[in-house]
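Enquirer: So that we are looking at the same thing, I have put the structure below in structure tokens.
Computed from the coordinates by the stated procedures, all read-outs in this text should not be read as laboratory data. A quick note: this is a predicted structure, and the numbers were derived from the prediction, not measured. When we count neighbours, we look across all protein chains shown, and the Cβ atoms used for this are built from the backbone with ideal geometry, even at glycine.
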Amino acid sequence: MTDAPATLASDCHIEQTDRLTPLSIVLIELALAVGGFGIGTGEFAIMGLLPNVAATYDVSIPQAGHVISAYALGVVIGAPI
């Protein structure tokens with residue numbers, strides 16, 4: 001054990017001068033909304049095009065559907081990171 005005193009959060013005198021302005025909050029929310037829309041569109045728009053994708057790449061529709069599943073897994077794993 002050490003003899004150094006413990007530092008409490010209340011002992012730290014840090015002034016919080018960098019506050020978010022209303023404009024920056026709106027821009028952050030807009031960026032999140034656009035990103036969510038882009039990810040959702042990327043996942044769901046391809047479902048209607050699945051027969052065309054399968055025909056283009058000469059694979060069955062279930063095999064082409066695995067592409068959507070792979071993308072969705074990437075979103076599930078990558079979103080929290």
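Enquirer: Step through the residues of the stretch 34-40 one at a time and calculate ³J(HN,Hα) from phi using the Karplus curve (6.51 cos²θ - 1.76 cosθ + 1.60, θ = phi - 60°), rounding each to whole Hz and writing x for Gly and Pro.
Expert: Computed from phi, the couplings for the stretch 34-40 are 5, x, x, 5, x, 5, x Hz.
Enquirer: Equivalent ellipsoid semi-axes for the stretch 39-81, as square roots of 5 times the alpha carbon gyration tensor eigenvalues: give them largest first, rounded to whole Å.
Expert: 22, 11, 6
Enquirer: At what distance in nm do the modelled label points of Val76 and Thr21 sit from each other, each positioned 7 Å from its Cα along Cα→Cβ?
Expert: About 4.2 nm separates the two model spin labels.
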